[in-house]
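Report on the structure given below.
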Amino acid sequence: MDLAPYRLVRLALWAEASPAENAELTEHFRTVLASHGEALVHAHGPFHRTPEMLHFTVDLTPRESTSDCLRALGFIWEEDIGWSEWERPVNGGTFLHPAVYGAQADGLEAAAPPRFRTGEVAQVRDSPQARRLGLVGAEVIVGHPDYEEDTAPAQRTWHYSVHVSGQDETEDLAESDLEPTGRCVPLYGERISVGPDGVVAESSGASHVITS
(Lines give C-alpha, C1' and ligand atoms only; values in the text may rest on other atoms or scores of the structure.)
Protein backbone atom coordinates (compact mmCIF):
# COMPACT_ATOMS: atom_id res chain seq x y z
CA MET A 1 0.00 0.00 0.00
CA ASP A 2 1.29 3.47 -0.91
CA LEU A 3 2.24 5.74 1.96
CA ALA A 4 -0.19 8.59 2.58
CA PRO A 5 1.31 11.98 1.60
CA TYR A 6 0.37 13.39 5.02
CA ARG A 7 1.48 11.36 8.02
CA LEU A 8 1.68 12.51 11.61
CA VAL A 9 2.35 10.71 14.89
CA ARG A 10 1.31 12.74 17.93
CA LEU A 11 2.80 12.06 21.35
CA ALA A 12 1.95 13.46 24.76
CA LEU A 13 4.62 12.93 27.41
CA TRP A 14 4.71 13.52 31.15
CA ALA A 15 8.13 13.58 32.83
CA GLU A 16 9.06 13.72 36.51
CA ALA A 17 11.48 16.62 36.27
CA SER A 18 11.94 20.25 37.28
CA PRO A 19 11.28 23.24 34.97
CA ALA A 20 15.05 23.76 34.81
CA GLU A 21 15.23 20.51 32.79
CA ASN A 22 12.73 21.63 30.11
CA ALA A 23 15.33 22.53 27.49
CA GLU A 24 17.48 19.44 28.12
CA LEU A 25 14.51 17.07 27.84
CA THR A 26 13.17 18.84 24.76
CA GLU A 27 16.45 18.33 22.94
CA HIS A 28 16.73 14.74 24.17
CA PHE A 29 13.28 13.82 22.82
CA ARG A 30 14.04 15.46 19.48
CA THR A 31 17.34 13.59 19.18
CA VAL A 32 16.09 10.15 20.22
CA LEU A 33 13.06 10.39 17.89
CA ALA A 34 15.18 11.47 14.89
CA SER A 35 15.65 7.84 13.86
CA HIS A 36 11.88 7.59 13.28
CA GLY A 37 11.44 10.87 11.37
CA GLU A 38 11.33 14.63 11.86
CA ALA A 39 10.15 15.58 15.34
CA LEU A 40 8.89 18.92 16.61
CA VAL A 41 8.90 18.89 20.40
CA HIS A 42 6.81 21.38 22.37
CA ALA A 43 7.57 21.96 26.05
CA HIS A 44 4.53 23.14 28.03
CA GLY A 45 6.09 23.34 31.48
CA PRO A 46 4.51 21.89 34.64
CA PHE A 47 1.29 20.00 33.96
CA HIS A 48 -1.70 21.74 35.56
CA ARG A 49 -3.04 18.57 37.19
CA THR A 50 0.31 17.28 38.41
CA PRO A 51 2.69 20.28 38.73
CA GLU A 52 5.54 17.98 39.73
CA MET A 53 5.55 16.69 36.15
CA LEU A 54 6.57 18.48 32.97
CA HIS A 55 4.26 18.18 29.96
CA PHE A 56 5.57 17.76 26.40
CA THR A 57 3.83 17.19 23.09
CA VAL A 58 5.51 15.93 19.93
CA ASP A 59 4.53 16.18 16.26
CA LEU A 60 6.51 13.45 14.52
CA THR A 61 6.48 13.06 10.73
CA PRO A 62 7.47 9.40 10.33
CA ARG A 63 9.45 7.94 7.47
CA GLU A 64 7.13 4.93 7.38
CA SER A 65 3.41 4.57 8.02
CA THR A 66 2.10 5.90 11.32
CA SER A 67 1.15 2.40 12.49
CA ASP A 68 4.65 1.06 11.75
CA CYS A 69 6.17 4.00 13.60
CA LEU A 70 3.90 3.60 16.64
CA ARG A 71 4.64 -0.11 16.87
CA ALA A 72 8.37 0.61 16.58
CA LEU A 73 8.00 2.99 19.53
CA GLY A 74 6.39 0.19 21.54
CA PHE A 75 2.69 1.08 21.38
CA ILE A 76 0.10 -1.65 20.84
CA TRP A 77 -3.15 -1.29 18.85
CA GLU A 78 -6.20 -2.41 20.85
CA GLU A 79 -9.33 -2.78 18.74
CA ASP A 80 -11.80 -1.22 21.17
CA ILE A 81 -9.45 1.40 22.61
CA GLY A 82 -6.95 2.46 19.95
CA TRP A 83 -3.24 2.86 20.62
CA SER A 84 -2.26 1.81 24.12
CA GLU A 85 -0.99 4.28 26.68
CA TRP A 86 2.40 3.80 28.30
CA GLU A 87 2.87 4.18 32.04
CA ARG A 88 6.07 3.41 33.90
CA PRO A 89 5.79 -0.17 35.23
CA VAL A 90 6.17 -0.72 38.97
CA ASN A 91 9.10 -3.04 38.27
CA GLY A 92 10.88 -0.41 36.16
CA GLY A 93 10.99 0.47 32.49
CA THR A 94 11.87 3.41 30.28
CA PHE A 95 10.17 5.19 27.39
CA LEU A 96 12.48 7.63 25.54
CA HIS A 97 13.99 8.87 28.84
CA PRO A 98 14.13 7.61 32.46
CA ALA A 99 12.20 10.71 33.61
CA VAL A 100 9.13 9.88 31.47
CA TYR A 101 6.29 8.65 33.69
CA GLY A 102 3.53 8.35 31.08
CA ALA A 103 2.91 8.68 27.34
CA GLN A 104 -0.05 8.72 24.96
CA ALA A 105 0.04 8.49 21.17
CA ASP A 106 -2.07 8.48 18.05
CA GLY A 107 -1.51 8.70 14.31
CA LEU A 108 -3.08 10.56 11.40
CA GLU A 109 -2.79 9.69 7.69
CA ALA A 110 -4.52 11.48 4.80
CA ALA A 111 -4.04 12.82 1.27
CA ALA A 112 -3.12 16.26 2.67
CA PRO A 113 -2.90 17.98 6.06
CA PRO A 114 -6.14 19.45 7.44
CA ARG A 115 -6.71 22.95 6.09
CA PHE A 116 -8.41 24.21 9.24
CA ARG A 117 -7.37 24.30 12.88
CA THR A 118 -9.76 23.93 15.77
CA GLY A 119 -11.21 27.36 16.58
CA GLU A 120 -10.97 28.86 13.09
CA VAL A 121 -14.00 30.77 11.84
CA ALA A 122 -15.15 29.64 8.39
CA GLN A 123 -17.92 30.65 6.00
CA VAL A 124 -20.04 27.81 4.65
CA ARG A 125 -20.01 27.39 0.87
CA ASP A 126 -22.96 26.26 -1.23
CA SER A 127 -23.12 22.44 -1.30
CA PRO A 128 -25.83 19.78 -1.03
CA GLN A 129 -24.94 19.14 2.64
CA ALA A 130 -24.86 22.86 3.47
CA ARG A 131 -28.23 23.38 1.81
CA ARG A 132 -29.70 20.43 3.69
CA LEU A 133 -28.51 21.96 6.96
CA GLY A 134 -29.58 25.49 5.99
CA LEU A 135 -26.05 26.80 6.53
CA VAL A 136 -25.08 28.26 3.13
CA GLY A 137 -23.33 31.59 3.77
CA ALA A 138 -23.29 31.15 7.56
CA GLU A 139 -20.19 31.59 9.68
CA VAL A 140 -19.28 28.62 11.86
CA ILE A 141 -16.47 27.72 14.23
CA VAL A 142 -14.45 24.72 13.15
CA GLY A 143 -14.10 21.96 15.70
CA HIS A 144 -12.43 18.57 15.50
CA PRO A 145 -11.09 17.30 12.14
CA ASP A 146 -11.75 13.71 11.12
CA TYR A 147 -11.79 11.36 8.12
CA GLU A 148 -13.31 8.05 7.12
CA GLU A 149 -11.12 5.28 8.54
CA ASP A 150 -12.31 2.79 5.92
CA THR A 151 -10.88 4.93 3.08
CA ALA A 152 -7.34 4.16 1.91
CA PRO A 153 -4.97 6.50 3.81
CA ALA A 154 -3.59 8.13 0.64
CA GLN A 155 -7.13 9.08 -0.45
CA ARG A 156 -8.63 10.31 2.82
CA THR A 157 -10.10 13.82 2.90
CA TRP A 158 -11.07 15.81 5.97
CA HIS A 159 -14.42 16.67 7.44
CA TYR A 160 -15.09 18.70 10.58
CA SER A 161 -17.55 19.09 13.38
CA VAL A 162 -18.65 22.74 13.26
CA HIS A 163 -20.28 24.92 15.91
CA VAL A 164 -23.31 26.88 14.73
CA SER A 165 -24.74 29.99 16.35
CA GLY A 166 -27.81 29.17 18.44
CA GLN A 167 -27.27 25.40 18.39
CA ASP A 168 -26.05 23.20 21.21
CA GLU A 169 -25.27 20.32 18.83
CA THR A 170 -22.49 20.47 16.23
CA GLU A 171 -22.95 19.69 12.53
CA ASP A 172 -20.59 17.86 10.19
CA LEU A 173 -19.22 19.44 7.00
CA ALA A 174 -16.57 18.43 4.48
CA GLU A 175 -13.45 20.57 4.17
CA SER A 176 -14.55 21.58 0.66
CA ASP A 177 -17.73 23.07 2.19
CA LEU A 178 -15.74 25.63 4.19
CA GLU A 179 -14.07 28.92 3.23
CA PRO A 180 -11.55 30.45 5.66
CA THR A 181 -12.24 33.94 7.03
CA GLY A 182 -8.82 34.50 8.58
CA ARG A 183 -10.28 34.69 12.07
CA CYS A 184 -9.76 32.31 14.96
CA VAL A 185 -11.19 32.02 18.48
CA PRO A 186 -10.37 30.00 21.60
CA LEU A 187 -12.87 27.18 21.41
CA TYR A 188 -14.07 26.17 24.87
CA GLY A 189 -17.10 26.29 27.09
CA GLU A 190 -20.65 25.25 26.37
CA ARG A 191 -22.05 28.25 24.52
CA ILE A 192 -20.55 29.63 21.33
CA SER A 193 -22.16 32.13 18.95
CA VAL A 194 -21.05 33.91 15.81
CA GLY A 195 -22.08 37.47 14.94
CA PRO A 196 -21.35 39.92 12.13
CA ASP A 197 -18.98 41.98 14.29
CA GLY A 198 -16.85 39.07 15.42
CA VAL A 199 -17.12 35.87 17.35
CA VAL A 200 -18.42 35.60 20.89
CA ALA A 201 -17.42 32.56 22.92
CA GLU A 202 -19.17 32.23 26.26
CA SER A 203 -17.94 30.04 29.07
CA SER A 204 -18.84 30.05 32.79
CA GLY A 205 -20.55 33.38 32.43
CA ALA A 206 -17.57 35.07 30.75
CA SER A 207 -17.65 36.33 27.17
CA HIS A 208 -14.62 36.86 24.96
CA VAL A 209 -15.14 38.82 21.76
CA ILE A 210 -12.63 38.33 18.96
CA THR A 211 -12.81 40.56 15.92
CA SER A 212 -10.92 40.31 12.68
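Rolling a 1.4 angstrom probe over the protein heavy atoms with all chains in place gives region 39-192 an accessible area of 56 Å² per residue. In the chain, a dipole from Cβ-located charges (positive for Lys and Arg, negative for Asp and Glu) runs towards its positive end, and of SER65, ALA17, VAL162 it is ALA17 whose Cα lies farthest in that direction.
Based on the Kirkwood approach, the hydrodynamic radius assigned to the chain is 19.5 Å, with every pair of different Cα atoms included. Using the Cβ atoms and a cut-off under 14 Å, what net charge is assigned to the surroundings of VAL142, where Lys and Arg are +1 and Asp and Glu are -1? Overall, the nearby charge balance is -4.
Rounded to the nearest 500, the helix-only mean residue ellipticity at 222 nm of the chain stands at -3500 deg cm²/dmol, with each DSSP H run of n ≥ 4 adding -39,500 (n - 2.57). Surface calculation, 1.4 Å probe, protein heavy atoms: ASP2 sits at approximately 130 Å² accessible. Once the chain from THR151 to ASP106 is taken as fully extended at 0.36 nm per residue, the excess over their C-alpha distance is 14.4 nm. For VAL41, the accessible area of its heavy atoms, probed at 1.4 Å with every protein chain present, is near 30 square angstrom.
What's the extension gain from HIS144 to ARG49 if we count 0.36 nm per residue and subtract their Cα-Cα distance?
31.8 nm
Heavy atoms only, probe 1.4 Å: what % of the accessible area of the chain goes to carbon and sulfur, would you let me know? About 49 percent, which is the carbon plus sulfur part of the accessible surface.
Taking the Cα centre of region 24-115 as the origin, how large is its charge dipole in debye, to the nearest 20, when only Lys and Arg (+1) and Asp and Glu (-1) carry charge on their Cβ atoms?
Magnitude of the dipole: close to 240 debye.
With a ≥ b ≥ c taken as the square roots of the eigenvalues of the C-alpha gyration tensor of region 21-79, please select rounded if a/c is under 1.5 and otherwise prolate if a/b is larger than b/c or oblate if it is not? It is oblate, given that a/c is not under 1.5 and a/b is not larger than b/c. The GluC sites (Glu not before Pro) of region 58-113 that meet both conditions, a loop assignment by DSSP and at most 15 other Cβ atoms within 10 Å of the site Cβ, are GLU64, GLU79, GLU85.
The values are calculated or read from the model by the stated rules, or taken from the named source; none is laboratory data. Quick caveat: nothing in here was measured; it's all calculated off a predicted structure. No Cβ is skipped: glycine too gets one built from the backbone with ideal geometry, and neighbour counts run over all protein chains shown. Areas reflect the complete protein model, heavy atoms only, side chains present, ligands, DNA and RNA absent. Shrake-Rupley method; radii C 1.70, N 1.55, O 1.52, S 1.80 Å.
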